[in-house]
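The values are calculated or read from the model by the stated rules, or taken from the named source; none is laboratory data. On a predicted model such as this, the values are computed, not experimentally measured, just so you know. When we count neighbours, we look across all protein chains shown, and the Cβ atoms used for this are built from the backbone with ideal geometry, even at glycine. The protein model used for the area step is the full one, side chains on, heavy atoms only, and it has no ligands, DNA or RNA in it. Shrake-Rupley method; radii C 1.70, N 1.55, O 1.52, S 1.80 Å.
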Amino acid sequence: VVAWWGSTHLRTLGSFWRGFVPPMLGLGAIVAIIAVEDLGTAILIFAVACFVLFAAGSKFLHFTTLVPIAVCGFAFAVMTSPYRIARLQSYLHPFDDPEKTGYHILQSMSTISGGGLSGLGLGNGIHKFGYLPEDTTDFIYSVICEELGIFGAIAVSSLYIGVVVLGVC
């Protein structure tokens, strides 16, 4: 819907009230509903929609007006959910409970540091065999770092930067 708006309202995208606010109101309502159940998905949808509007021709200054609203919305979503507060606490202080809530983060750090400069070799990582939960989804970057070392980490990061640069250009 945001891509449709950007393609059909090219002349008004530079206007704050006629080109920017209407899709943001609709997007805000959808994202608020999604954020009740899955905050990460809501943030991702919001970010992608903003990038689409920016690529269609909306002004960067318009997006800066969303920062206070987004920060307040994120804080409200986290503070009203004990589960999200616990996740944030375990992310900030993983050593407080290394056996339970901090386990995933600590294993990820161990996996990354285990690769060193050159890595263990493609397919030779050991943490993916039961030590690192969700090794094929959330923490695939850790496995890449273990197997390919710092050079693999730089390569993956460079590819992401390249995708962003090519997407903006």
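The chymotrypsin sites (Phe, Trp or Tyr not before Pro) of the range 108-169 that meet both conditions, a loop assignment by DSSP and at most 11 other Cβ atoms within 10 Å of the site Cβ, are Phe129.
Note on Met79 and Leu166: their simple-model spin labels are 4.3 nm apart, each label 7 Å out from Cα toward Cβ. The calculated FRET efficiency for the pair Val36 and Ile150, based on their C-beta separation and a Förster distance of 45 Å, comes to about 0.65. Split the accessible area of the chain by element, probe 1.4 Å, and carbon with sulfur accounts for 73%. Taking Cα centre as origin and charging only the Cβ of basic (Lys, Arg, +1) and acidic (Asp, Glu, -1) residues, the dipole magnitude of the chain rounds to 840 debye. Does the range 33-130 classify as rounded, prolate or oblate by the C-alpha gyration tensor (a ≥ b ≥ c root eigenvalues; a/c under 1.5 gives rounded; else a/b over b/c gives prolate, otherwise oblate)? It is oblate, given that a/c is not under 1.5 and a/b is not larger than b/c. Please find the FRET efficiency linking Ser15 to Met109, where r is the Cβ-Cβ separation and R0 is fixed at 45 Å, and quote it to the nearest 0.05. Efficiency computed from Cβ-Cβ geometry: 0.40.
Per residue, the accessible area of the range 1-145 comes to 66 Å², computed with a 1.4 Å probe over protein heavy atoms only. Assuming R0 = 45 Å, what is the FRET efficiency of Trp4 and Leu92, from their Cβ-Cβ distance, to the nearest 0.05? The pair Trp4/Leu92 has a calculated efficiency of 0.65.
Net charge in the neighbourhood of Ile140 (other residues with Cβ under 15 Å of its Cβ; Lys, Arg +1, Asp, Glu -1) is -4.
By the combined test of axial Cα extent (at least 24 Å) and Kyte-Doolittle hydropathy (mean at least 1.0), the qualifying DSSP H helices of the chain come to 21-37, 39-56, 140-168. For the range 1-71, the set of trypsin sites (Lys or Arg not before Pro) satisfying both a DSSP loop assignment and a count of at most 10 other C-beta atoms within 10 Å is given as Arg11. Taking GluC sites (Glu not before Pro) across the range 103-169, the ones in a DSSP loop with at most 14 further Cβ atoms lying within 10 angstrom of their Cβ are Glu134.
With one equal scatterer per alpha carbon and no solvent term, the Debye-computed log10 I(q)/I(0) for the chain at 0.10, 0.11, 0.19 1/Å reads -0.56, -0.67, -1.15. Pair-distance distribution P(r) for the range 8-50, from all Cα-Cα distances in 10 Å bins starting at 0: 29, 44, 23, 4 percent.
Taking Lys and Arg as +1 and Asp and Glu as -1, the other residues whose beta-carbon sits under 14 Å from that of Ala77 total 0.
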